[in-house]
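Structure first, commentary second.
The values are calculated or read from the model by the stated rules, or taken from the named source; none is laboratory data. Computed from a prediction, not measured in an experiment: that's the story for all the values here. Because the Cβ atoms are built from the backbone with ideal geometry, glycine has one as well, and the counts that use them run over all protein chains shown.
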Amino acid sequence: MSVSEALATPVDELMDSMQWAPRNGFHIEPRCRVCRNDEALKKVNDLLAGGASYAMVLRALGEDNAVLDKCDRITLDSVRNHCVRHFPVQNVAKATYREILERRARENHVDFVEGVVNAITPLAFLETVLVKSYEHLVDSDTKVDVTTGIAAAGRLQSLIDSGDQGRDIAVLRTQVGQLADAVKSVVPRELWGAIVEKLDELEQLPQALDAGVDSFDDDDPYDPLEFAEADDEF
Ligand SMILES: [Zn+2]
């Protein structure tokens, strides 16, 4: 911060930025009841990294809390504020996993504030495994063998192919629409009823339509009756 910036900054903001300065290389917040108690700080950070709910953290501090003055006693709000504001700065790596944990817990209505069990959900676990594996994977010392590489290539190809299938279906739907328009513009109107009847007949015989209607897994399947309902265009 330059001198001119400092002069333009309100005093309370300056105080805040000073309190964020590292002390012995470790960011702590003197006003935070967790940060200013060395023993509690380590315990709280370890428990948060391990997936404990805030209530569990608080319970684990029972004895530490009992001997503290009321103004120093750690509350649920102290744990929550510490977790949101200071834990990510003090534990950059583990904060990533805590973020996954709380996000997945929220999505799955698991209470990570008042909950009596830890906040770990299967999805959070799997996502953490994925992130951790990725960190290991991108490490320059990690070697990926050919078999694993081939397996990954196969998975990737099948994902790409399933994307293509979606496009193919979209193209097919457009073509069916064009076909319907062509039939309507060329075939005399008095024959449309016969076409609709034929389509109904084919629909009753699933084997007659190899593609099957099932492959159009969509909210708006192709409906042969559209022929009959589109009369007002003419
Ligand atoms: Zn804190």
*asked:* Given the options Lys94, Lys143, name the one that is within 16 Å of the ligand (Cβ to nearest atom) and either modelled with pLDDT of 90 or more or on the phi < 0 side of the Ramachandran plot (or both).
replied: Lys94
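In the stretch 131-153, how many residues are more than 25 Å from the chain's Cα centre (by Cα) and closer than 18 Å to Ala95 by Cβ?
Of the stretch 131-153, the ones more than 25 Å from the chain's Cα centre (by Cα) are 140-151.
Applying the additional criterion that residues be closer than 18 Å to Ala95 by Cβ yields none.
Residues flagged as more than 25 Å from the chain's Cα centre (by Cα) and closer than 18 Å to Ala95 by Cβ within the stretch 131-153 amount to 0.
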*Tabulated pairs, the stretch 32-57, first assigned by TED's automatic domain parsing to the domain that holds Val129, second within 12 Å of the ligand (Cβ to nearest atom) and among the charged types (D, E, K, R), C-beta under 6 angstrom, 6+ apart or interchain*: Cys35/Glu29; Tyr54/Arg80
*Long-range neighbours under 7 Å by Cβ, at least six apart or interchain, first residue free of Cβ contacts under 8 Å to residues at least 60 places away in the same chain within the stretch 154-178, second outside any helix (DSSP H, G or I)*: Ile169/Phe216; Arg173/Tyr222; Val176/Tyr222
_Candidate set: the stretch 103-119, residues that are at pLDDT 90 or above and buried (at least 16 other Cβ atoms within 10 Å of the Cβ); chosen: the one farthest from the chain's Cα centre (by Cα)_ = Phe112
*Sort through Leu179, Leu123, Leu191, Leu172 and tell me the only one that's out of contact with any Ser or Thr (no Cβ under 6 Å at 6 or more places or on another chain), assigned by TED's automatic domain parsing to the domain that holds Arg98 and surrounded by 10 or more Cβ atoms within 10 Å (Cβ to Cβ).*
Leu123
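Which of the residues that make up the stretch 66-101 are out of contact with any helix residue (DSSP H, G or I) (no Cβ under 7 Å at 6 or more places or on another chain) and surrounded by 20 or more Cβ atoms within 10 Å (Cβ to Cβ)? Working first, answer last.
Pass one, the stretch 66-101, residues out of contact with any helix residue (DSSP H, G or I) (no Cβ under 7 Å at 6 or more places or on another chain): 66-72, 75, 77-78, 81, 84-86, 89, 92-93, 99.
Once the filter is applied, which keeps residues that are out of contact with any helix residue (DSSP H, G or I) (no Cβ under 7 Å at 6 or more places or on another chain) and surrounded by 20 or more Cβ atoms within 10 Å (Cβ to Cβ), the stretch 66-101 yields Ser78, His86.
Condition first: more than 16 Å from the ligand (Cβ to nearest atom), touching a residue at least 24 places away in the same chain (Cβ under 8 Å) and not polar (S, T, N, Q). Now tell me which residues in the stretch 97-121 satisfy that. Explain how you work it out, then say what you get.
First, the residues of the stretch 97-121 that are more than 16 Å from the ligand (Cβ to nearest atom): 97, 99-121.
Right, trim to touching a residue at least 24 places away in the same chain (Cβ under 8 Å) and you get 97, 100-101, 111-120.
Those that are more than 16 Å from the ligand (Cβ to nearest atom), touching a residue at least 24 places away in the same chain (Cβ under 8 Å) and not polar (S, T, N, Q): Tyr97, Ile100, Leu101, Asp111, Phe112, Val113, Glu114, Gly115, Val116, Val117, Ala119, Ile120.
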_Just to check your reading of the model, which residue among Leu41, Leu7, Leu58 is within 13 Å of the ligand (Cβ to nearest atom) and either over 30 Å from the mean Cα position of the chain (by Cα) or modelled with pLDDT of 90 or more (or both)?_
Leu41
